[in-house]
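Note sheet for the following structure.
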2 protein chains.
Amino acid sequence: MKIYKPTLFLDLQKCKQNIQRMSEKVKKNNLIFRPHFKTHQSIQIGKIFKEFGINKITVSSVKMAEYFANAGWKDITIAFPFNPLEINKIEVLSKKIDLNILISSLESAEKLIDSTNISLNYFIEIDAGYHRSGILADEIAQIERAIHLLSQHNFKGFLTHSGNTYNAQSTNEILFIHQQTTLIMKDLKSKFTTQFPKIIASVGDTPSCTLAENFENIDEIRPGNFVFFDLMQYHLEVCDLANIAVCVACPVVDINRDRNQIVIYGGGIHLSKEFIMQNGMKNYGQVVKLNDLDWQESAGSSYLITLSQEHGIIQASDELINEISIGDIIGIIPVHSCMTANLMGSYKTLDNQIFDHK
Amino acid sequence: MKIYKPTLFLDLQKCKQNIQRMSEKVKKNNLIFRPHFKTHQSIQIGKIFKEFGINKITVSSVKMAEYFANAGWKDITIAFPFNPLEINKIEVLSKKIDLNILISSLESAEKLIDSTNISLNYFIEIDAGYHRSGILADEIAQIERAIHLLSQHNFKGFLTHSGNTYNAQSTNEILFIHQQTTLIMKDLKSKFTTQFPKIIASVGDTPSCTLAENFENIDEIRPGNFVFFDLMQYHLEVCDLANIAVCVACPVVDINRDRNQIVIYGGGIHLSKEFIMQNGMKNYGQVVKLNDLDWQESAGSSYLITLSQEHGIIQASDELINEISIGDIIGIIPVHSCMTANLMGSYKTLDNQIFDHK
């Protein structure tokens, strides 16, 4: 691999397999598939989704909605609480495409009423246990009040994100959260289907969408991270290391053989400062062996124990330290591929295509 | 403050005061001042340094050296281990400006010999206790061997970065590390001044450069973060909250009054995922009250307890929760201003100038 600075490699084959696997599950369960594009933020990767027949997407900001609308996407949900300060941009966009926004509280509904006369499509965001944003599912009076307030707007259904699966201690706990969430969403939807027969229930975190097989009573899923996966998903036992479709190639710039440490050009501004805890130590990224056309687990366990702005420090296995030289390239599987992809701004495929997104 | 999305505000007055304070210390101690520009990465902020008579700078990558060389800077040290894969860019740049590179190991010296015939200016990077990169100060044989190997190049002196001050538990510990470092650098330099009378000793972390008054036997300092400071420096008692020159203004998009929590548009892709531990909790950024022309400590303590890609969750004081509405703007003092500035890519001054750097 001919590079001279930290470079985000994309294995297109793995990426396509990840999309295909989720597409098949969606078809088997008769779901709407609205993948979250915040993970890759890439028009070219979006085109791969199109090849699988996907025409509805999720994004996490108005800016990202504008970006993908300009690239031809016509049906976009902004899965982020409605920001009244962006109402003008939302109005413009909603005239061009099928845009869905999120109402996360009664106060949010009131702000929408105050800020526009245009009829918008909206989901009510439900807090099914993650406690980040949204109305608690049992606050029926608030939900009714919000829907009533927004009668001039188009109620699309209930949406939730069970981000608490990322804190689960086992795959069983992920499946349990998924089951609880889907039951909550089913109950809630059933309370409103008489009045609003077309509403849907939308869920969407990668851990539960990947592991679960039962999507009864759910209409739509919105996972994002599955397109690449990462070390965090691997440690949650959501994917295999071999499913991870991105890897940051980093030049080796210093080696301390006494401490079994390798300094790479690759730091917090490339990988992000996310870490997982592993045997009581922080792990900022896993070392893999880079070949010309792929990468594979390296012999012995070597991983990033600390990151500065541009430096990364690898605690290396004896095998790695014995074979490495300054000027070599080391592959790092990122802890959180969404954050790494956002920082890197560009992908290089293994057949040397460049996918820029910034 | 009229904004609609996360916006990095720069208080130019505080920024200039921070530069002035360090400039005065440099003059008083008869030092060379080579500020690290990785913190701000901004040509416009660079111009403020020029107003203080500064014409030597430090950067952390070849790319950043090219960027500032193109903006007219003629004397640049790349304070990052020599990356042989960038030798062509280094050669080109060294013909245009006074460029200094870092040799961090004997192996690094060997790689330089193998990769160029052009004579380059170099510092030997010394590990004075931080254990990130560089040759240990007592490895005199290795240092001599490296200098001997590099006889066709121009030996500029010894350089170290005592990043271990960031892990100090007290200001006394920071001063102790500074004292140890300067003694190590003095001893080392004295061993080589007969043969190389012009070599200098260069140190440069913000905590010790800000707190220390004694710079005997040190020739050059290279602090960077002091230009803005941040929450990390404040918690190290290196600066006051009032010295911090940057603040991310973030729209409020959801409020949970039962949990005293506020959801802002402002997440890991704006602030970075750096945190400090405070009373056993993670703090990803401190809330301040934004006025039209400045910001100030808000009543009661409110801070970010978690960040997603675009969401931030504030645990708010009663005072804050009682006065806040969706659509308001909240100020966040970042934990690590270097990482935040890198992510945001642009500053807005309080008098509405825009300083882009990406």
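The values are calculated or read from the model by the stated rules, or taken from the named source; none is laboratory data. Here the structure is a predicted model, which is why all the values come from computation and not from measurement. Quick reminder, even Gly has a Cβ in these numbers, built from the backbone with ideal geometry, and neighbours come from all protein chains shown.
Just a few scattered comments:
- Selection from the stretch A:128-170 of residues that are buried (at least 16 other Cβ atoms within 10 Å of the Cβ), within 15 Å of A:LEU211 (Cα to Cα) and either small (Gly, Ala, Ser) or at pLDDT 95 or above (or both): A:SER162, A:GLY163, A:ALA168
- Subset of the stretch A:118-154 (residues that are of a type in the set (A, V, I, L, M, F, W, C), part of a helix (DSSP H, G or I) and touching a helix residue (DSSP H, G or I) at 6+ places or on another chain (Cβ under 9 Å)): A:ILE140, A:ILE143, A:ALA146, A:ILE147, A:LEU149
- Residues being of a type in the set (A, V, I, L, M, F, W, C), in contact with a Pro (Cβ under 6 Å, 6 or more places away or on another chain) and within 11 Å of chain A (Cβ to nearest Cβ) - total across the stretch B:220-259: 2
Conditions (1) polar (S, T, N, Q); (2) out of contact with any helix residue (DSSP H, G or I) (no Cβ under 6 Å at 6 or more places or on another chain); (3) outside the structural domain of A:LEU102 (by TED's automatic domain parsing), marked per residue:
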site	(1), (2), (3)
A:PHE228	no, no, yes
A:TYR265	no, yes, yes
A:GLN278	yes, yes, yes
A:GLN286	yes, no, yes
A:ASP294	no, yes, yes
A:ALA299	no, no, yes
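- So A:PHE196, is it over 18 Å from A:PHE275 (Cα atoms) and free of Cβ contacts under 8 Å to residues at least 40 places away in the same chain: no
- The residue that is nearest to the chain's Cα centre (by Cα), counting only those in the stretch B:99-132 that are farther than 17 Å from B:LEU188 by Cα and in contact (Cβ under 8 Å) with a residue 40 or more places away in the chain, is B:ASN100.
- Residue in the stretch A:70-83 that is farthest from A:VAL227 (Cα to Cα), counting only those that are crowded, with 22+ Cβ neighbours inside 10 Å and of a type outside the set (Ser, Thr, Tyr): A:ASN83
- When residues of the stretch B:8-58 are limited to those that are among the aromatic types (Phe, Trp, Tyr) and part of a strand (DSSP E or B), the one nearest to B:LEU293 (Cα to Cα): B:PHE9
- With respect to the conditions (1) within 20 Å of B:ASN256 (Cα to Cα); (2) within 14 Å of chain B (Cβ to nearest Cβ), A:ARG145 lacks only one, and its number is (2).
- Criterion: more than 22 Å from B:LYS56 (Cα to Cα), in the same structural domain as B:ASP219 (by TED's automatic domain parsing) and among the hydroxyl-bearing types (Ser, Thr, Tyr) - qualifying residue of B:THR160, B:THR116: B:THR116
- Answer from A:ASN55, A:ASN29, A:ASN18 - the residue that is farther than 20 Å from A:LYS358 by Cα and buried (at least 20 other Cβ atoms within 10 Å of the Cβ): A:ASN18
- Options A:ILE262, A:ILE326, A:ILE332, A:ILE269: the member that is away from every other protein chain (no Cβ under 12 Å), closer than 30 Å to B:LYS38 by Cα, surrounded by 22 or more Cβ atoms within 10 Å (Cβ to Cβ) and more than 17 Å from the chain's Cα centre (by Cα): A:ILE332
- Test for A:GLU220: is it within 22 Å of A:ILE54 (Cβ to Cβ) and exposed (fewer than 15 other Cβ atoms within 10 Å of the Cβ): no
- Taken together, the criteria exclude A:THR171 from residues that are within 14 Å of another protein chain (Cβ to nearest Cβ), in contact (Cβ under 8 Å) with a residue 60 or more places away in the chain and either among the small types (Gly, Ala, Ser) or closer than 23 Å to A:HIS36 by Cβ (or both).
- Residue, nearest to A:SER298 (Cα to Cα), within the stretch A:227-271, restricted to residues that are in a loop (DSSP other than H, G, I, E, B), out of contact with any His (no Cβ under 6 Å at 6 or more places or on another chain) and small (Gly, Ala, Ser): A:ALA245
- Single residue of the stretch A:67-84 satisfying the filter (within 19 Å of B:GLN309 (Cβ to Cβ) and more than 19 Å from the chain's Cα centre (by Cα)) that is farthest from the other protein chains (Cβ to nearest Cβ): A:PHE82
- Which listed residue is within 14 Å of chain B (Cβ to nearest Cβ) and within 27 Å of A:SER133 (Cβ to Cβ), from A:SER60, A:SER42: A:SER60
- Residue count for the stretch A:86-113, restricted to those that are within 14 Å of chain B (Cβ to nearest Cβ) and either in a strand (DSSP E or B) or at pLDDT below 95 (or both): 3.
- Within the stretch A:304-323, tally of residues that are part of a loop (DSSP other than H, G, I, E, B) and either within 12 Å of chain B (Cβ to nearest Cβ) or out of contact with any strand residue (DSSP E or B) (no Cβ under 6 Å at 6 or more places or on another chain) (or both): 4
- Subset of the stretch B:67-85 that is assigned to a helix (DSSP H, G or I) and out of contact with any Lys or Arg (no Cβ under 7 Å at 6 or more places or on another chain) - its residue that is nearest to B:ILE126 (Cα to Cα): B:LEU85
- Considering only residues in the stretch B:272-309 that are surrounded by fewer than 20 Cβ atoms within 10 Å (Cβ to Cβ) and among the hydrophobic types (A, V, I, L, M, F, W, C), the one that is modelled with the lowest pLDDT turns out to be B:ALA299.
- When A:VAL288 is tested against the conditions (1) of a type in the set (A, V, I, L, M); (2) out of contact with any Cys (no Cβ under 7 Å at 6 or more places or on another chain); (3) assigned to a strand (DSSP E or B), the lone failure is (2).
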